[in-house]
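One structure below.
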Amino acid sequence: MEKLVITGKTPLKGEVVISGAKNAAVAILPATLLINGICTIENLPNISDVKLYCEILEKLGAKIKWNSPNEITIDTRNITSHIAPLETTRKFRASYYLIGALLGRCRKAQVGIPGGCNLGNRPIDQHIKGFEALGANVEVLQGNIKAKAKRLIGTSIYMDVVSVGATMNIMLAAVLAEGTTIIDNPAKEPHVVDLANFLNTMGADIRGAGTDIIKINGVKELKGNATYSIVPDQIEAGTFMLAAIASKGDITIKNCITKHLESIIAKIEELGGNVDANGDHLRVWYSKRLTKANIKTLPYPGFPTDLQPQMGVVLSQASGTSIINESIWESRFQYTDELRKMGAHVTAQGKTAVFEGVETLTGAPVNATDLRAGAALIIAGISAKGTTEIYNLNHIDRGYEEIEQKFRDLGAKIQRVSE
Ligand code: EPU
């Protein structure tokens, strides 16, 4: 078993380069199944979810060549199966994109019910509603989702809830459908736009991603023969921004899209932190005690739920009483139990957490209860007095590339230790 050991009270200083976006990569990799050709993907984050996806694609018949740890060339001309390996798909949430992609390619798909972080109830009714509207028959049987269609025919689909996964899954199923599909009330996250850009680069005809209506004109084939570079990770950039102010540091974040970070920049400034944004990089620094702020998580362009725990660590040390309202995931306050072990004054009930800011946190042994909780606890450990030990690192490794090396390069005293 591995743990991270952090000696705290280190203001972070220096530069960090952001990797490709996890939540774009885990949709773009299955999207390659729609291509009858070869493509190259650059700026792939070197994380365990990407490796799992590549294993699945190989089992389905794709040929993958690793050009570097962050670049693959993938040949999907000979896909031999529509049945995704059950054991692997159950390990992570984003395996649900295989349903849309295999349905699009083979007109049938069999995928194990997806696993992933325990954030509460995670229904996929909107995905299924979309597939059925396109003409598929979908059954959930013995731990598997089975979808099949004689033909997929474009139609209008109104999303009852704004869902990143359902928007992208319907997009995958509709790209090779007959006629035009309209997705009304879609998610607008940067990774939704990135998936559309990838598919268009490979020959699809998708318009409006990032707006209130997405229009997909079905095409006969995606030929590929192109190279695509994945968008920088908005959440990784936000994680380092919040680490900078929590640790009382001064860092420059490179290879990010500052437009994607507007809600985070606004909150950091409201707290009394400083941000200087310049297109593809930004400087974030601390100059005075941070003050309380209230946060409500919302779909993009609102404040992202995937930065809520990291922001909770900041608020636990800001002066005054702050309130976080989590509107996306019902169980995303599990990290507050761990923060209390570090001396935070926080209570969480239902969708609301109340933070009474303390001067400083104190190191303690804690558990990464999910991916973003793990990142938050690293930030807590770096800003706390004394030593913090973080367990359950598999969650963190799913979504952050070389996280401890990046923090070490900024001056953090952080080591991965095998027990
Ligand atoms: N929802 C439904 N029905 C559905 C789908 C979603 O009711 O069919 C609800 C959910 O219960 C939730 C809300 O809609 O309350 C939003 O869920 P969404 O579908 O947008 O989430 P997701 O696609 O399962 C992705 C990210 C999450 C991120 C959310 C919200 C991936 C692989 N996962 O999940 O990322 O929190 O969008 O932005 O893209 C993470 O990276 O740590 C992570 C959990």
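The values are calculated or read from the model by the stated rules, or taken from the named source; none is laboratory data. Since the model is a prediction, treat every value here as computed from it, not as a measurement. In this analysis, Cβ positions are derived from the backbone assuming ideal geometry, glycine residues included, and neighbour counts consider all displayed protein chains. We work out accessible area using only protein heavy atoms, side chains counted, and drop any ligands, DNA or RNA first. Shrake-Rupley method; radii C 1.70, N 1.55, O 1.52, S 1.80 Å.
Quick rundown of the values:
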{"read-out": "Net charge of Cβ neighbours under 11 Å - reference Thr40; Lys, Arg +1; Asp, Glu -1", "value": "-2"}
{"read-out": "Apportionment of accessible area to carbon and sulfur, segment 22-229, percent (1.4 Å)", "value": "47"}
{"read-out": "Per residue accessible area in Å² of segment 287-381, where ligands, DNA and RNA are left out and the probe is 1.4 Å", "value": "35"}
{"read-out": "Surrounding net charge for Ser68, when Lys and Arg each add one and Asp and Glu each subtract one, Cβ distance under 15 Å", "value": "-2"}
{"read-out": "Per residue, in Å², the accessible surface of segment 1-118 once ligands and nucleic acids are set aside, probe 1.4 Å", "value": "35"}
{"read-out": "The chain: angle of helix 164-174 to the longest principal axis, Cα-based, in degrees nearest 10", "value": "20"}
{"read-out": "Bins of 10 Å, starting at 0 and running to the largest distance - Cα pair percent for segment 22-229", "value": "9, 40, 40, 11, 0"}
{"read-out": "Debye, to nearest 20: dipole size of segment 274-410, +1 on Lys, Arg Cβ, -1 on Asp, Glu Cβ", "value": "460"}
{"read-out": "Efficiency of FRET between Gln415 and Lys296 - r from beta-carbon atoms, R0 51 angstrom, step 0.05", "value": "0.90"}
{"read-out": "log₁₀ of I(q)/I(0) at q = 0.16, 0.17, 0.19, 0.23 Å⁻¹ - segment 89-163, Debye sum with one point per alpha carbon", "value": "-0.56, -0.64, -0.79, -1.11"}
{"read-out": "0 to 90° range, to nearest 10: angle between helix 234-246 axis and the chain longest Cα axis", "value": "0"}
{"read-out": "Potential extension, Ile323-Ile153 segment - 0.36 nm per residue separation minus Cα distance", "value": "56.6 nm"}
{"read-out": "About the Cα centre, charge dipole magnitude for the chain (Lys/Arg +1, Asp/Glu -1 at Cβ), debye", "value": "440"}
{"read-out": "Cα-based helix-to-principal-axis angle, 190-201 vs the chain, degrees rounded to 10", "value": "30"}
{"read-out": "Cross-link pairs Lys22/Lys108; Lys254/Lys413; Lys148/Lys220; Lys3/Lys59 - those with Cα-Cα distance over 28 Å", "value": "Lys3/Lys59"}
{"read-out": "Per-residue [θ]222 nm for the chain (sum of -39500 (n - 2.57) over DSSP H runs n ≥ 4, rounded to 500)", "value": "-9000 deg cm²/dmol"}
{"read-out": "Segment 134-195-segment 353-419 distance, computed between alpha-carbon centres (Å)", "value": "37"}
{"read-out": "Charge sum, other residues only, whose C-beta stays under 10 Å from His260's C-beta, Lys/Arg counted +1 and Asp/Glu -1", "value": "-2"}
